1. Any chance you could count how many residues in region 56-109 are of a type in the set (Gly, Ala, Ser) and on the phi > 0 side of the Ramachandran plot?
2. In region 421-437, what residues are in contact with a Pro (Cβ under 7 Å, 6 or more places away or on another chain) and surrounded by 16 or more Cβ atoms within 10 Å (Cβ to Cβ)?
3. Tell me which of these residue 400 doesn't satisfy, since it passes every other one: (1) part of a helix (DSSP H, G or I); (2) modelled with pLDDT under 80.
4. On the given criteria, is residue 43 among the acidic types (Asp, Glu), surrounded by 12 or more Cβ atoms within 10 Å (Cβ to Cβ) and either in contact with a strand residue (DSSP E or B) (Cβ under 7 Å, 6 or more places away or on another chain) or farther than 30 Å from residue 397 by Cα (or both)?
5. Would you point out the residue of region 120-168, among those that are among the hydroxyl-bearing types (Ser, Thr, Tyr) and more than 17 Å from residue 42 (Cβ to Cβ), that is surrounded by the fewest Cβ atoms within 10 Å (Cβ to Cβ)?
6. Among the numbered criteria (1) at pLDDT 85 or above; (2) in a helix (DSSP H, G or I); (3) within 31 Å of the chain's Cα centre (by Cα), which single criterion is violated by residue 179?
7. Can you find a residue in region 427-435 that is of a type outside the set (Lys, Arg), modelled with pLDDT under 85, outside the structural domain of residue 78 (by TED's automatic domain parsing) and under 23 Å from residue 308 (Cβ atoms)?
8. Residue under question is residue 368, and the condition is that it be over 25 Å from the mean Cα position of the chain (by Cα) and at pLDDT 75 or above; does it hold?
Amino acid sequence: MTTSFAPSSPASVIAGARELVAGLHEVLWAARSPREMLDAVVEMERFKSEFAAIEAGLVAEVDATKAAAEDQWGSSGDYLTAISGGFKGSGAATVRLAKALTGDRQLTLAALRAAAISRAQAQVIVATIDALPVKAALRLQAEQVLLEHAKTFNASELREIGKLLIEVLDPDGSDRKAEKDLAREERAAHLSRFFTITEDAAGGVWLKGRTTVEDAAVIKAALFPLAAPQPATPGTGADGDPAVCNEGHDARDHGARLLDALVEGCRTLLGAEVLPESHGATPRITLTMNYLDLLNLTGPALLETGESLSASAVRRLACDADITPMVLGSASEVLDVGRTQRLVTAAIWKALVARDKHCTFPGCRRPPIACDAHHLTHWIDGGDTSLLNMALLCRAHHTMIHNTPWQIRLNPDDQRPEFIPPIRLDPEQKPVRERQPRQ
């Protein structure tokens with residue numbers, strides 16, 4: 001195995017370690033004693049822990065210095081997901097863990113570095129402490145207790161211990177209530193606010209988030225009236241199930257009613273014509289699927305966000321929807337979607353989404369909702385606003401294309417975007433669509 005790294009570079013050290021460990025591929029394990037094999041497994045797990053500690057320090061610095069932008073990645077999370085081949089969002093989770101370990105969880109990082117705990121145990125410890133009141137002494141005490149238990153309990157058991165620990169340290173949530181009264185921590189809550197919608201790989205999504213009490217009050221004021229129990233009529237349950245229906249009783253629990261209220265509120269907002277325009281049209285749920293599949297309830301539809309939706313769900317949405325027909329060629333290229341105009345119209349945008357599906361920069365998978373329609377030949381330079389002169393680019397890569405030697409064009413054979421890298425990256429400047437970060 002040969003590498004192109006300088007002998008003194010950290011990458012060459014890691015490559016050398018890989019080369020050394022690669023010799024174990026030739027070991028005939030069946031010829032080894034049970035003790036030798038078990039010892040090898042133990043050392044391998046210790047190696048994985050120590051390596052995870054090294055990775056934490058490296059990833060935290062990569063994120064802090066925006067190093068991934070050097071190779072035109074939109075974020076450190078995107079870069080890590082790509083090079084690891086992990087699940088969507090796995091890179092962002094790695095970044096969050098690294099920042100926590102190199103921040104306030106120094107004891108946990110030290111234990112990981114000493115191979116006293118596993119990466120999974122470190123994740124549990126970080127997640128548990130994040131659920132505790134923001135008090136340094138309290139969190140330090142909890143970290144010490146969890147590290148002690150990690151010596152004898154696996155990650156699953158440690159998670160249950162963490163739940164008990166939260167009950168012991170803050171049994172009635174009084175500390176949490178007290179800290180909400182502090183302006184400093186209210187500001188901290190505002191700065192750490194977030195909301196994510198992620199697929200659960202089981203046909204649904206997880207909604208996760210955190211915000212301030214003030215923001216929550218606004219949300220509750222809007223949702224609670226919509227979440228009021230709705231008495232069911234005889235023969236129908238809250239979800240159409242007669243088995244769970246009691247006349248005058250709403251079978252939905254509070255959580256289900258609140259989620260239904262959120263969806264209903266968004267439906268109302270979409271139909272109120274008060275939202276700002278997005279790419280020339282009032283925001284709407286936009287999806288693409290074959291018309292015959294829609295009629296026959298076969299095949300999934302593709303949402304602008306990149307997720308798939310079943311045909312039956314599409315049929316329910318289509319009860320109150322506008323349908324824009326698209327004529328597609330044999331290679332799924334969009335042939336006609338309406339009149340081309342100077343501005344990026346809703347029709348052109350939908351055609352662009354149908355063709356590109358996500359940011360077209362090599363390795364990037366940001367969904368259309370986070371993208372812009374980029375003119376391959378700028379309007380000022382005589383380029384027209386048409387499908388053959390556009391490509392989807394996320395905001396980061398849209399800016400990069402305008403500020404770096406990277407070039408973009410449509411492949412003459414299939415009319416799909418491809419990129420020509422700068423000479424410093426590829427002296428031959430071969431057009432690329434996908435990067436191979438492992439090579």
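1. Number satisfying all stated conditions: 2.
2. Passing the criteria: 432, 435.
3. Tallying (1) part of a helix (DSSP H, G or I); (2) modelled with pLDDT under 80, residue 400 fails exactly one: (2).
4. So residue 43 does not fit the description; no.
5. Once the filter is applied, the top-ranked residue is 156.
6. Answer for residue 179: the failing condition is (1).
7. The answer is yes; a qualifying residue exists.
8. no
The values are calculated or read from the model by the stated rules, or taken from the named source; none is laboratory data. What you see is a predicted model; the values in this text were computed from it and never measured. Here the Cβ is made from the backbone with ideal geometry for all residues, glycine too, and neighbour counts use every protein chain on show.
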